[in-house]
Amino acid sequence: MSLLGAHVSSAGGLPRALERAVALGCETFQIFTHNPLQWHGVSPAPSAVDEFRRALIESGIKRAAAHASYLVNLAGEGTILNKSIDAVIYDIELCFQIGIDSLVVHPGSSKDGPRAEALTRLAASLDRVLARTRDKNVTILLETMSGQGGMLGAANEELEGVFDALAWDRRLGICADICHVFGAGADVRTEGGYARFVAALDKHFGLDRIGCWHLSDNKGTLGSGVDRHQHIGEGEIGVIPFGMLVSDDRFADTPMILETPKDGIGDEGNLAILRKLRGSEKNK
């Protein structure tokens, strides 16, 4: 059975993030380790690290993920590139300390430059990160993107090429974002469309490399390049593909993280929809 959860705030400290996830009845969750608009956060006190690790074990939550800063651009150049590498290394080291086994990272942007050169820089940056964190058992999950603003990763072939360049390092995986792939042109709204999309993931990466899903509807139209997140069933994607995904046995025990708006029905309402679609008897 798929693991359903949400991105929760870590305001007030890491232990508070876990409390919020438990209160929502999450089976998995995702956090920012610090303000996503800053390069680094303040490293938590050893007591907070110990408290979080202990509470995570006691919570019964099976899997958790962190998300890297929005400032990170591993395909960038100069100072931005160096800061990005250091920021991802910081997050990996912190994830390892607190017991989180995966870090979601945006592949970065080519800005106005050639995409091929940006992809080469992305692979080289990841190589440096992996080498400097070789003793940390944390998987880097490259997120599929809509292509907006020159973002890399809208095409499976781009990320597959990065994996090839890194000899398919065991600590590399994919975070598949439904809102983003719809914006990039993958029509998952029918049974056939969903099947073709999953088959493409299997062809390019293998389904064992799908370490996390991000779930949200999209206010933008198919192939628009837009990734304007919306509540489940209230955007252009609709409810159907989410039902197929959360009940897909191939993704049993794979974290499925809500990234829907916090207003309106909020995480509680969106999780209730997903649980109903999954056929869960839990009423949280």
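The values are calculated or read from the model by the stated rules, or taken from the named source; none is laboratory data. Just so we're clear, the structure is a prediction, and the values are computed from it rather than from any experiment. Here Cβ is always computed from backbone atoms with ideal geometry, including for glycine, and neighbour counts include all displayed protein chains.
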Counting only residues that are free of Cβ contacts under 8 Å to residues at least 40 places away in the same chain and not in a helix (DSSP H, G or I), region 171-193 contains a total of 5
For region 53-62, indicate whether the set of residues that are more than 19 Å from residue 142 (Cβ to Cβ) and touching a Cys at 6+ places or on another chain (Cβ under 8 Å) is non-empty. yes
Given the conditions (1) surrounded by 15 or more Cβ atoms within 10 Å (Cβ to Cβ); (2) farther than 22 Å from residue 2 by Cβ; (3) in contact (Cβ under 8 Å) with a residue 24 or more places away in the chain, report the number of the one that residue 80 does not fulfil. (3)
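Conditions (1) over 19 Å from residue 105 (Cα atoms); (2) of a type outside the set (S, T, N, Q), marked per residue:
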residue: 180; (1), (2): no, yes
residue: 186; (1), (2): yes, yes
residue: 197; (1), (2): yes, yes
residue: 205; (1), (2): no, yes
residue: 208; (1), (2): no, yes
residue: 216; (1), (2): no, no
residue: 219; (1), (2): yes, yes
residue: 226; (1), (2): no, yes
residue: 243; (1), (2): yes, yes
Among the residues of region 226-255, which ones are assigned to a strand (DSSP E or B) and surrounded by fewer than 24 Cβ atoms within 10 Å (Cβ to Cβ)? 229, 230
Of all residues in region 245-258, how many are farther than 16 Å from residue 272 by Cβ and either among the polar types (S, T, N, Q) or over 19 Å from the mean Cα position of the chain (by Cα) (or both)? 2
Residue satisfying all of: in region 256-282; modelled with pLDDT of 95 or more and among the acidic types (Asp, Glu); surrounded by the fewest Cβ atoms within 10 Å (Cβ to Cβ) among these: 263
I need the full set of residues from region 194-225 which are closer than 18 Å to residue 159 by Cβ and either aliphatic (A, V, I, L, M) or in a strand (DSSP E or B) (or both), in order please. 198, 199, 200, 201, 207, 210, 211, 212, 213, 214
Residues (at negative phi and either among the small types (Gly, Ala, Ser) or buried (at least 20 other Cβ atoms within 10 Å of the Cβ) (or both)) located in region 98-113: 98, 100, 102, 103, 104, 105, 106, 107, 109, 110, 113
From 165, 154, 123, grab the single residue that is under 30 Å from residue 236 (Cα atoms), in contact (Cβ under 8 Å) with a residue 12 or more places away in the chain and out of contact with any Pro (no Cβ under 7 Å at 6 or more places or on another chain). 154
Give region 13-43 a look and list any residue that's among the hydrophobic types (A, V, I, L, M, F, W, C), more than 16 Å from residue 90 (Cβ to Cβ), out of contact with any helix residue (DSSP H, G or I) (no Cβ under 6 Å at 6 or more places or on another chain) and assigned to a loop (DSSP other than H, G, I, E, B), or say none. 26
Cβ-Cβ below 8 Å, separation at least six or inter-chain, first residue in region 1-26 and over 15 Å from residue 65 (Cβ atoms) and without any contact (Cβ under 8 Å) to a residue 60 or more places away in the chain, second surrounded by fewer than 21 Cβ atoms within 10 Å (Cβ to Cβ) and acidic (Asp, Glu): which pairs? 15/51
How many residues, within region 189-217, are in contact with an Asp or Glu (Cβ under 7 Å, 6 or more places away or on another chain) and charged (D, E, K, R)? 1
What pairs come out if I take residues in region 128-150 that are touching a residue at least 40 places away in the same chain (Cβ under 8 Å) and more than 30 Å from residue 220 (Cα to Cα) and pair them with residues that are surrounded by 15 or more Cβ atoms within 10 Å (Cβ to Cβ) and hydroxyl-bearing (Ser, Thr, Tyr) whose C-beta lies under 6 Å away, six or more apart or interchain? 139/102
